[in-house]
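Taken together, the values in this text are just the output of simple stated rules run on the coordinates, not laboratory data. Predicted, not measured: the structure shown is a model, and the values here were computed from it. No Cβ is skipped: glycine too gets one built from the backbone with ideal geometry, and neighbour counts run over all protein chains shown.
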Amino acid sequence: MSAHKIIIAIDGYSSCGKSTLARELAVKLGYNYIDSGAMYRAITLYFLRNSVDFDNPEAVSRALADINLSFVFNEHRQASDIYLNDEDAEPYIREMLVSEKVSQVAAIKAVRTFAVAQQQQMGTGKGIVMDGRDIGTTVFPAAELKLFMTAAPEVRVMRRFKELYATNHAITIEEIRHNLELRDYIDATREESPLRQATDAILLDNSNLSREEQLELVLELVKDRATNRLN
Ligand code: DC
């Protein structure tokens with residue numbers, strides 16, 4: 001039996017630990033990890049910096065024509081940094097201002113068409129783990145392994161709080177809860193590729209799982225999907 005490279009699609013609500021799992025899987029498997037949310041965040045950052053009117057389709061199209069996104073592997077993080085027109089945008093894309101607007105930007109059809117085309121291009125060689133909201137439903141509907149991650153709301157709020165508090169002591173739990181609830185609502189109810197569990201995705205509730213337990217469980221699933229079985 002031989003293992004071949006597959007596509008792993010990870011979707012789910014905000015702050016369910018998708019990127020942690022995706023990064024760890026990619027490192028273990030020697031795959032490429034792509035954080036599709038970083039693309040929507042970088043586009044949002046560009047729109048905010050350049051005062052692009054989200055409600056004006058022409059302004060959005062013009063802005064998209066000026067945006068070039070790329071990923072460059074960062075040894076220290078063991079993951080790729082997103083570059084926005086040759087600038088490492090990673091330090092700015094998780095700021096609250098971007099988080100507050102990103103769901104609105106990600107709901108724009110032209111923005112999704114722009115991002116999805118690049119995401120699909122990155123998957124042509126397989127051996128990729130991509131996380132987001134529509135990876136198993138729209139970007140890679142034929143992915144060999146699809147996971148839909150969820151966790152109890154309070155667990156998610158506290159995870160996000162710990163992450164952000166490390167660099168911003170002014171952040172409050174209430175602010176984070178409000179942002180997560182709002183983003184989940186917009187992401188799940190938008191017209192274009194709303195957040196949905198693909199019918200063939202495996203539901204993974206990690207409220208009570210350690211990172212190690214979760215990784216082990218998913219590696220077993222990968223082994224199963226990536227092994228050529230004669231049946
Ligand atoms: O994964 P994240 O929280 O960094 O994603 C930021 C936002 O981008 C999220 O609120 C929804 C949007 N997004 C999306 O619409 N589709 C994706 N594939 C990934 C993210």
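Highest GNM mean-square fluctuation among Gly17, Gly125, Gly136, for the chain modelled with Cα contacts below 10 Å: Gly125. Scalar couplings 3J(HN,Hα) for region 128-138, obtained by applying the Karplus form with A = 6.51, B = -1.76, C = 1.60 to θ = phi - 60°, are 9, 10, 10, 10, x, 10, 10, 5, x, 9, 10 Hz; x denotes Gly and Pro.
Straightening the chain between Leu209 and Leu182 buys 7.2 nm, computed as 0.36 nm per residue apart minus the Cα-Cα spacing.
How would region 85-157 be classified by its alpha-carbon gyration tensor: rounded, prolate or oblate, with rounded meaning a/c under 1.5 and the a/b versus b/c comparison settling the rest? Because a/c hits 1.5 or more and a/b fails to exceed b/c, region 85-157 counts as oblate. Pairs with C-alpha atoms separated by more than 24 Å, drawn from the list Lys101/Lys162; Lys18/Lys146; Lys5/Lys28; Lys101/Lys126; Lys18/Lys126; Lys28/Lys109, are Lys101/Lys126; Lys28/Lys109.
Around the Cα centre of region 65-199, unit charges on the Cβ atoms of Lys, Arg, Asp and Glu (plus for the first two, minus for the last two) sum to a dipole of about 500 debye. Split the chain at each of the GluC sites (Glu not before Pro) in a DSSP loop with at most 11 other beta carbon atoms within 10 Å, and the longest piece is 76-190. In a fully extended conformation the segment linking Ala65 and Arg94 would gain 8.1 nm over its present Cα-Cα distance, using 0.36 nm per residue.
In order along region 92-108, phi translates into HN-Hα couplings of 10, 6, 9, 5, 4, 4, 5, 4, 5, 10, 4, 5, 5, 5, 5, 8, 7 Hz, rounded to whole numbers, per the Karplus curve 6.51 cos²θ - 1.76 cosθ + 1.60 with θ = phi - 60° and x for Gly and Pro. In region 28-169, the convex hull through the Cα atoms has an average projected area of 9.7 nm², a quarter of its surface area.
Between Arg77 and Thr199, the distance separating the two model label sites (each 7 Å from Cα on the Cα→Cβ line) works out to 3.7 nm.
Given +1 at the Cβ of Lys and Arg, -1 at the Cβ of Asp and Glu and no other charges, the dipole of the chain around its Cα centre is 480 debye to the nearest 20.
With one equal scatterer per alpha carbon and no solvent term, the Debye-computed log10 I(q)/I(0) for region 159-231 at 0.23 1/Å reads -1.09.
Expressed to the nearest 5 percent, the antiparallel share of DSSP beta bridges inside region 28-153 is 65 percent. Amide H contacts of Leu147 (H built 1.01 Å from N, in plane; Pro and chain starts excluded): Ala9, Ile10, Asp11, Ile202 sit under 5 Å, all sequence-distant by 5 or more or on other chains. Between region 53-112 and region 166-231, the alpha-carbon centres lie 21 Å apart.
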